[in-house]
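Read through the structure below, which is laid out as structure tokens, and then see the notes.
Just so you know, all these numbers are worked out from the coordinates, no wet-lab data involved. All values derive from a computational prediction rather than experimental measurement. Methodologically, a virtual Cβ is constructed for each residue, glycine included, from the backbone with ideal geometry; neighbour enumeration extends over all protein chains shown.
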Amino acid sequence: MRIINVKDYHDMSEKASSLLLDVIENNEHPVLGLATGSTPEGLYEQLIAKNKEKVVSFQNTTTFNLDEYVGLDANDSNSYRYFMNEKLFNHIDIPLENTHVPNGVAENSEVECKEYEQAIQNADRVDVQVLGLGLNGHIGFNEPGTSFSSRTHVVELDESTRKANARFFESLEEVPTQAITMGIDTIMESKEIVLLVSGENKAEALKQLVHGEITEDFPASILQKHKNVTIIADKAASTKL
Ligand code: GLP
């Protein structure tokens, strides 16, 4: 694992943006794996700026997002599809049909998981997967206890994850109890992984990811086994390394 220490959130976002731009420049048809949450928002702002300055075009880029809440549709401001459209896709020159987020309101979530997994396989590979880090070590929405061999699947969200994400909702009761997420094995198949970590509250989780035992009880620990992982962590998140 390569760890890049940066000063703060802004520098983390800039560094992540330059890594992604490298991948886009070096591939005729780049495939990006994208994440939601507060952590990658700054990265998306950087990508929008670079696209406006015509430093990069996303016309040939395909994207796959990690996850989506079950029960929320694209018009729901808390859905990850809405988040991605608002924070990135609506502001860059990517054809919307090239962007993929699991459908949280599919008639049959199990079928949706299979189709989503198939779409990733059809794209042949993910060139670079962006990841954030859950406080309990979740990646995507793969909660502790998820099998390392999992593919895209439906998960029951941990109470701690629902509480952590309740800040975006009116109340904890409104936070969905289930989500669709790429599996751990799906994530591990991407050619390159860029994990972003910012803030003091993530310091313990980052320490466990880097130095802890590789265990399904802490899903992110599997990244120790991936051949091409870059962690970009700011000072506050790095205090326990
Ligand atoms: C969410 C998302 C993850 C994200 C994580 C951290 O639940 N499903 O993909 O990485 O939690 O979120 P944040 O970046 O807001 O701390």
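How many angstrom lie between the C-alpha centres of segment 59-102 and segment 137-166? Each part reduced to its Cα centre gives a spacing of 20 Å. What separates the Cα centres of segment 1-52 and segment 116-134 is a distance of 16 Å.
What is the dipole size for segment 26-87, taken about its Cα centre, with +1 at each Lys and Arg Cβ and -1 at each Asp and Glu Cβ, in debye to the nearest 20?
Numbers: 5 positive and 9 negative charges, 57 e Å.
The dipole of segment 26-87 has a size of about 280 debye.
Taking a threshold of 26 Å on the Cα-Cα distance, which of the pairs Lys52/Lys240; Lys50/Lys87; Lys52/Lys114 fall above it? Violating the 26 Å Cα-Cα cut-off are Lys52/Lys240; Lys52/Lys114.
Computed over the chain, the per-residue total of -39500 (n - 2.57) for DSSP H runs of n ≥ 4 gives a 222 nm mean residue ellipticity of -9000 deg cm²/dmol, rounded to 500. Of the residues Ile24, Asn85, His100, the one whose Cα sits farthest towards the positive end of the charge dipole of the chain is Ile24 (charges of +1 on Lys and Arg Cβ, -1 on Asp and Glu Cβ, taken about the Cα centre). Dipole orientation for the chain: of the candidates Val130, Leu172, Leu157, Val130 has the Cα lying most toward the positive pole (charges on Cβ; Lys, Arg +1; Asp, Glu -1).
What is the Rg over Rh value, at two decimals, for the chain, using alpha-carbon atoms and the Kirkwood definition of Rh?
Details: Rg = 16.6 Å, Rh = 17.8 Å.
Result for the chain is an Rg/Rh of 0.93.
When the Gaussian network model of the chain links Cα atoms closer than 10 Å, the mean-square fluctuations of Ala123, Ala205, Ala220 top out at Ala123. Most tightly packed first, judged by the mean number of other beta-carbon atoms within 10 Å of their residues, the peptides 95-102, 187-194 read 187-194, 95-102.
So for segment 2-238: antiparallel DSSP bridges make up what percent, rounded to the nearest 5? Show your work: numbers first, answer last.
Details: 8 of 29 bridges.
Counting DSSP beta bridges with both partners in segment 2-238, the antiparallel share is about 30 percent.
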